[in-house]
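Novice: Here it is, the structure, as structure tokens.
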Amino acid sequence: MNKETLTWVGKWTFILAAAGSAVGLGNIWGFPYKAGTNGGGAFVLIYLGCILIIGLPIMISEIMLGKRYRGSPVSTMKDAATESASSSNWQAIGWGGLIAGVVILSFYSVLAGICLNYIFISLGLEGEIDSIAKFQQVTSSPLQLLLWHTIFILITAWIIAAGVISGIERMVKLLMPMLFILMIIMVINAFINGNFSQAFSFLFSPDFSAVTANTYLSAMGQAFFSLSLGMGAIMCYGAYMSPDQEIYESSAIVAGLDTLIAMLAGLAIFPIIFAYGVEPNSGPGLVFISLLSIFADLPFGNIIGGLFFLLLSIAALSSSISLLEPSVAYFAEKNILSRPIASFMLAGIAWFIGLGSLLSFNVWSEYTFIGSRNFLDSMDLLANQFLLPLGGLFVAIFAGWKLNPSIAKAELGGSEFVFRLWQFFIRFISPVLVFGIFIFQLI
Ligand code: PHE
């Protein structure tokens, strides 16, 4: 198939697909959990700052590179470097991205599998439930986790094997607005039945006295993860963008939607956490535990809960396919492997690494890998706080300093002022901040 003919069908298709990639477990599971363990307000403020001044300029750069060079992240970076007479070593950004994608998919699929399982747990709700005990029960069985992890990753691989374009638009167009509406209903519920004022001040009144270097690093990592940046997912999707599409506007819409969904998740979940006396820093189980308590108390909670976890699983699926697509695109474009074989093989590798995350809930719960972290937390740390920001840092350096500015200008279009603004951020602000936050962590 000719690469040039592979374009998203309409203006909104790219936006929907990129939003589908960005909105996922990162927003609804990751954001509340990380905000909770990092003390709330200050984390949220730093996170929002990172989205705006680090994430947005890098997102614009990734889309721009993808749109111009139209390949997998590896060949996009290689062609970009060649055209600007830079070293072909820049393709290492693409390679790092492929690795990050597989590492993230490995634990993402385990968590998305828990979501799938929760569809049925919610549907079966009858009255009161001890949602903490339920989460422990679900995660204590390696076989049960394995079943759902396997199902989720097989669905991901199957969609990628069949070709990425056709299904995404339809899926996202219908289901994202539904997820959005359901989130609003849950925020209203939290307002009525939860401790909204305590949650609001927890999330939005920053206490900088508790901020450490690690707060910055995890907020920045969360921003990269949530926006799907630093590993080529958005770059890869940009490759299918139609040539006349506005990049600034699309990036702002995607980043805005992603942030909005994360904030809604926080506002839906924290009031309930405070009202029910759950500790905000209770870790990866936080969201599953609090959501189930919400649904157990709502009228028709079993149906609403089932629907919610179904929509969340689909949001996770539209993210997981963007984790796998860059590496499959690479193998397919080089004719090394066919698309289906590459999909199932790479998904198989992610599945295997995922076993470690799955076991960290039970059999391996005592084993630590990086620092005092279990396997899941270590993979999460490796990807969010290391691989993605590093990928983003190099994308920023390349786009700001190595890429011929006339190329960037031609692709980005728009006014001279906005171009200069982007250029200023991508040269001086984004890379310096990412680097600074890394260094701050080391000293
Ligand atoms: N952004 C996705 C989420 O929030 C996860 C993701 C990260 C997807 C990196 C692609 C690349 O769930």
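The values are calculated or read from the model by the stated rules, or taken from the named source; none is laboratory data. Predicted model only: the values in this text are computed from it and were never measured. Glycine also receives a Cβ, built like all others from the backbone with ideal geometry; neighbour counts cover every protein chain displayed. The protein model used for the area step is the full one, side chains on, heavy atoms only, and it has no ligands, DNA or RNA in it. Shrake-Rupley method; radii C 1.70, N 1.55, O 1.52, S 1.80 Å.
Novice: What accessible area per residue, rounded to a whole number of Å², is obtained for the chain using a probe radius of 1.4 Å?
Specialist: 38 Å²
Novice: Which helices count as membrane-span-like in the chain under these terms: full DSSP H, at least 18 Å along the axis by C-alpha, Kyte-Doolittle mean of -1.0 or more?
Specialist: Those that clear 18 Å and a mean of -1.0 are 56-69, 92-123, 142-161, 165-193, 213-226, 247-275, 301-333, 339-359, 430-442.
Novice: With +1 on the Cβ of every Lys and Arg and -1 on the Cβ of every Asp and Glu, and nothing else charged, how large is the dipole of the chain about its Cα centre, in debye rounded to the nearest 20?
Specialist: 860 debye
Novice: When the helix-only estimate is applied to the chain (DSSP H runs of n ≥ 4, each -39,500 (n - 2.57), divided by the residue count), what is the mean residue ellipticity at 222 nm, nearest 500 deg cm²/dmol?
Specialist: After summing the helix terms and dividing by the residues of the chain, the value is -23500 deg cm²/dmol.
Novice: By accessible area of protein heavy atoms, probe 1.4 Å, what ranking do THR76, THR37 get, highest first?
Specialist: Result of the area sort, largest leading: THR37, THR76.
Novice: While we're on this one: Relative to the present Cα-Cα distance, how much length would full extension add between THR150 and ILE99 at 0.36 nm per residue of separation?
Specialist: Fully extending the segment from THR150 to ILE99 adds 16.4 nm.
Novice: Within straight cross-link reach of LYS173, meaning Cα distance under 18 Å, which aspartates and glutamates are found once same-chain residues fewer than 8 apart are removed?
Specialist: Straight-line reach from LYS173, under 18 Å: ASP258.
Novice: On a full-extension model of 0.36 nm per residue, what is the gain between PHE428 and ASP207, subtracting their alpha-carbon distance, rounded to one decimal in nm?
Specialist: The span from PHE428 to ASP207 would gain 76.8 nm if fully extended.
Novice: Let me ask another. Translational diffusion coefficient, Stokes-Einstein: compute it for the range 177-277 using the Kirkwood radius over C-alpha pairs as Rh, at 37 °C and 0.692 mPa s, and state it as an integer in µm² s⁻¹.
Specialist: Diffusion coefficient, whole number: 206 µm²/s.
Novice: Work out the charge dipole of the chain with +1 on the Cβ of Lys and Arg and -1 on the Cβ of Asp and Glu about the Cα centre, then indicate which of ALA296, SER415, GLY392 is farthest towards its positive end.
Specialist: Positive-end residue among those listed: SER415.
Novice: Could I ask something else about it? Would you tally the net charge around GLY283, using a Cβ to Cβ cut-off of less than 14 Å, leaving GLY283 out, and scoring K and R as +1, D and E as -1?
Specialist: Spelling it out: positives minus negatives among the neighbours equals -1.
Novice: If you don't mind, there's one more thing I want to ask. What number comes out for the charge environment of ALA408, summing +1 per Lys or Arg and -1 per Asp or Glu over other residues with Cβ under 14 Å away?
Specialist: Summing Lys and Arg as +1 and Asp and Glu as -1 gives +2.
Novice: Using heavy-atom solvent-accessible surface (probe 1.4 Å) with all chains present, what is the largest-first order of VAL23, VAL211?
Specialist: From most accessible down to least: VAL211, VAL23.
Novice: If you don't mind, there's one more thing I want to ask. With unit charges on the beta carbons (Lys and Arg positive, Asp and Glu negative) and the dipole taken about the Cα centre of the chain, which residue among PHE375, MET178, LEU442 sits farthest to the positive side?
Specialist: LEU442
Novice: Which of the lysines could a cross-linker span from LYS134 if the Cα-Cα distance has to be under 26 Å and same-chain partners fewer than 8 positions apart are dropped?
Specialist: LYS34
Novice: Give me P(r) over the range 11-442, computed from all C-alpha to C-alpha distances, binned every 20 Å, as integer percentages.
Specialist: 28, 60, 13, 0
Novice: Taking the Cα-to-Cβ direction at LEU48 and at SER88 and moving 7 Å from each Cα, how far apart do the two end points lie in nm?
Specialist: Spacing of the two 7 Å Cα→Cβ label points: 4.7 nm.
Novice: All other residues with a Cβ under 13 Å from the Cβ of SER250 taken together, and with Lys, Arg as +1 and Asp, Glu as -1, what is their net charge?
Specialist: -4
Novice: May I ask you to derive the relative contact order of the range 11-442, considering only C-alpha pairs under 8 Å and at least 6 residues apart, and to give it as an integer percent?
Specialist: Computed value for the range 11-442: 37 percent relative contact order.
Novice: Percent of accessible area on the range 11-442 owned by carbon and sulfur, 1.4 Å probe?
Specialist: Accessible surface attributable to carbon and sulfur in the range 11-442 totals 69 percent.
Novice: Given axes a ≥ b ≥ c from the Cα gyration tensor, I'd like to know whether the range 70-129 is rounded (a/c under 1.5), prolate (a/b larger than b/c) or oblate.
Specialist: Taking the square roots of the gyration eigenvalues as a ≥ b ≥ c, the range 70-129 is prolate.
Novice: Also, quick follow-up: Could you bin all the Cα-Cα distances of the range 290-404 into 10 Å bins starting at 0 and give me the percent of pairs in each, rounded to whole numbers?
Specialist: With a bin width of 10 Å, the distribution comes to 11, 22, 33, 25, 8, 1.
Novice: Measuring from label point to label point, each 7 Å out along Cα→Cβ, what is the GLU249 to ILE181 span in nm?
Specialist: For GLU249 paired with ILE181, the spin-label model returns 2.6 nm.
Novice: In addition: Within straight cross-link reach of LYS334, meaning Cα distance under 25 Å, which lysines are found once same-chain residues fewer than 8 apart are removed?
Specialist: Excluding near neighbours in sequence, the set is LYS3, LYS67, LYS78.
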